[in-house]
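Q: Pasting in a structure now, in structure tokens, and then I'll have a few things to ask.
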Amino acid sequence: MVQEKLHKIAREQSFLMNKEEIKFILSEGEGQFIEFKESLDKNFVKEIVAFTNGSGGKILLGVRDDGTIKGIVSSNDLKSRIQNIARNCDPSIIIDTVQYEDILIIDIKEGVNKPYSCSDGFYMRMGANSQKLKRDEILSFAIKSGKIRFDEQVCESFNWNNFDNDKFSYYLELARISNVLSKETVLKNLNLLTDEGITNAAVLLFAKEPYKYFKSSKVRCIHFMDDDRIDILDKKEVDKGIIGNIEFAINYIKERVPVEYVIKSMNRKENPEYSEEVYREAIVNAVVHRDYFDFNGDIAVEKSMGHIFINNPGGITFPDNEFGLISYPRNRIIADILSRTSFMEKAGTGIKRMKRNSLLNNNKFEIHYTETFYFLKIYSNLMNINQAKAQAKAQAKAQAKAQVRLNETELNILDLLIKENLSSKELVNRLNLKSLSGGLKKAIKNLLELKMIEYTIPHKIKNPGQKYRIKK
């Protein structure tokens, strides 16, 4: 609660701070969002860089490290020096200053153009300290902030002999792009080729073996026996390029998703266990938003008894409250390339479509994410549908018992038909009878007349495939 209150106060406008809030900050001491300084010293610039690279914060000039007030004389010259220090950062940092009694408060907002640096390097606020970032940390920071994008970098080691013209032609067909122009011209128009060379996106799309260049190019598909995801029925790792990987993963799941076919009024309706639109969208999202800088692990598409799992290295690159509302593709070129095909629709609408199609198909799905990981879980609808059917049939049977006095044979027939549709011959076998006796015929006729059961092929009663079922 204390940290939440400090965070709230630190992110408010300085002039809104009242005496009680100042007193609270001084009593709590320095932290993630608060820094005390007796005077404007050489480390001041490091503190404002660290705050703007973090979540913002406030520097209280005229306050000792222990929280006691020393006081400082605020002058136009002092405020001008502070503004000059902020402007000389790279990029410039915008700050606000306000005097509160003997304290000068400098308000630093979280930067929108990270990472920021001063002449001494890059700094990040970590707890009550401003830490200088190492080379790898700076690179990671730049990647997370979108300043360096994997798909836009040039692959200097690419050998054009490894360019797959068949993949390229297939993409042109999918995107309905004319092949009148030269390959080089089309690649340049698609931002896949620059004056410096071919981009990583082009290699992921059109290399014969992308894995030769990037260990993050594969997709792993697994079919598990049970929901504990231990016993594996089948496993495939593919390196067919971005489009080939997407198509393989979609078909891998599709082949393992049962579909119920319902005939009504001579029309066939398909009731799949999972909505293809949902897992298709999820697979495409995983490819577009994958962190290809991360060579640890592959995009994973998994099917278990009651779930589909899709996960990829690379968390979200935008604020949590904007998730599902706006599109922030980690790989802009890859997203643009796929948006020209049927794989991607309007940017920023994927989550909404998945929610809508899941609801329509009676599926539930969950999304979990961190800064480095994205995980989607889709629940099978078979359990929900079967439970609903069983409850409805059990209720019908209970009502029938309450309203009509049935004999033992009739009750046994209802018990069997609740589980599955059966023909007369199958009823004979299930009831352990030698033949279709008069008693069984009479019981079936009685149940038909009471409209407790019905024919599965009502328009052709003598059809060889005729069976009985519980009346819908």
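Q: Taking the options Val154, Val112, Val180, name whichever one is under 30 Å from Asn53 (Cα atoms) and not assigned by TED's automatic domain parsing to the domain that holds Ile34.
A: Criteria check complete, one pass: Val154.
Q: Please find, within region 93-142, the residue that is modelled with the lowest pLDDT out of those that are over 30 Å from Leu26 (Cβ atoms) and in contact with a helix residue (DSSP H, G or I) (Cβ under 8 Å, 6 or more places away or on another chain).
A: It comes out as Phe141.
Q: Suppose we filter Leu16, Leu61, Leu26, Leu40 for residues that are closer than 18 Å to Val98 by Cβ, loosely packed, with under 15 Cβ neighbours inside 10 Å and either at pLDDT below 85 or not aromatic (Phe, Trp, Tyr) (or both); which single one remains?
A: Criteria check complete, one pass: Leu16.
Q: Take the residues in region 418-443 that are in contact with a strand residue (DSSP E or B) (Cβ under 7 Å, 6 or more places away or on another chain) and aliphatic (A, V, I, L, M), then tell me which one is modelled with the lowest pLDDT.
A: Ile418
Q: Does Ser178 satisfy the condition of being among the hydroxyl-bearing types (Ser, Thr, Tyr), at pLDDT below 95 and either closer than 23 Å to Asn312 by Cβ or in contact with a Phe, Trp or Tyr (Cβ under 9 Å, 6 or more places away or on another chain) (or both)?
A: The answer is no for Ser178.
The values are calculated or read from the model by the stated rules, or taken from the named source; none is laboratory data. Bear in mind the structure is a predicted one, so any value in this text is a computation, not a measurement. Neighbour counts are summed over all protein chains in view; Cβ atoms, including those assigned to glycine, are modelled from backbone coordinates with ideal geometry.
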